Amino acid sequence: VKKICKKYKIMINSITADFFMEKPFWKQKNQSRYLKKIEELIEKCGSLNIKYIILPLVDNSSIKDKATENKVIRELLKFEYKLLINDVICLFESDFAPKRLLKFLKSFNSESYGLNYDLGNSAGLDYDIDEEFNSCGRYIKNVHLKDRLKNGHSVRFGHGHADFKKLFNNLKKIRYSDALIFQSSRSERKDNDLKELEININYVNSLMSK
């Protein structure tokens with residue numbers, strides 16, 4: 001990874017631990033094995049100077065009850081020291097409504113834990129961006145750009161329920177200056193994903209230049 005980053009002059013700012021979503025530890029028989037994977041990931045990110053690890057709490061890893069929520073908090077708090085010594089921050093991607101999400105985030109030390117904001121997920125859930133930022137804006141350290149239909153799938157930027165203008169206005173308010181990670185939908189045409197990405201990049205650039 002270091003050689004590739006040096007060769008192509010790129011920097012990896014964050015990674016999303018999709019294995020955490022596919023196999024959340026609380027649904028597994030050998031829970032310690034999956035918690036160990038998180039610990040190993042923190043150490044690897046520290047050695048690669050990757051600042052953020054995103055743990056998705058959506059879809060298959062969505063928290064459905066208070067008992068599970070308490071268990072997640074209890075187990076993930078155990079990584080605080082490991083995060084600190086590796087200079088890594090754990091960010092949650094959650095489907096909680098704003099007030100519940102704020103309460104969840106307050107359970108953690110904000111120096112080592114925070115929030116990844118996914119525009120498409122919030123649009124799909126029909127959450128209000130202003131309300132989300134008013135509640136949890138100070139915890140946002142990373143942003144995923146995505147557009148989705150309400151209660152539906154991902155689509156090309158500007159064709160779904162996501163309000164990009166409102167997002168960028170709120171990012172200005174919290175003086176956000178970190179990365180914007182594109183998680184745009186794939187092209188409906190075969191082998192045309194690069195062109196689709198270019199269309200979405202141009203869409204974002206046109207909004208940010210206004």
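Only the coordinates and a few stated rules stand behind these numbers; no lab work does. None of these values were measured; they are calculated from a predicted model. No Cβ is skipped: glycine too gets one built from the backbone with ideal geometry, and neighbour counts run over all protein chains shown.
The figures follow:
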item: Antiparallel bridge percentage (DSSP; both residues within the chain; nearest 5); result: 10
item: Ellipsoid semi-axes in whole angstrom, largest first, where each is sqrt(5λ) of the Cα gyration tensor of segment 109-160; result: 23, 11, 8
item: Long-range lysine pairs (8 or more apart or interchain), segment 32-80, Cα under 24 Å; result: 14
item: Helix-only [θ]222 nm of the chain, DSSP H runs n ≥ 4, -39500 (n - 2.57) each, per residue, nearest 500; result: -13000 deg cm²/dmol
item: The chain - charge dipole about Cα centre, Lys and Arg +1 at Cβ, Asp and Glu -1, debye rounded to 20; result: 460
item: Whole-percent pair-distance distribution, where bins are 5 Å wide, for the alpha carbons of the chain; result: 1, 7, 14, 18, 20, 17, 13, 8, 3, 0, 0
item: Long-range Cα-Cα pairs in segment 90-130 (distance over 14 Å), rounded percent; result: 45
item: Spatial separation of Cα centroids for segment 151-210 and segment 26-80, in angstrom; result: 28
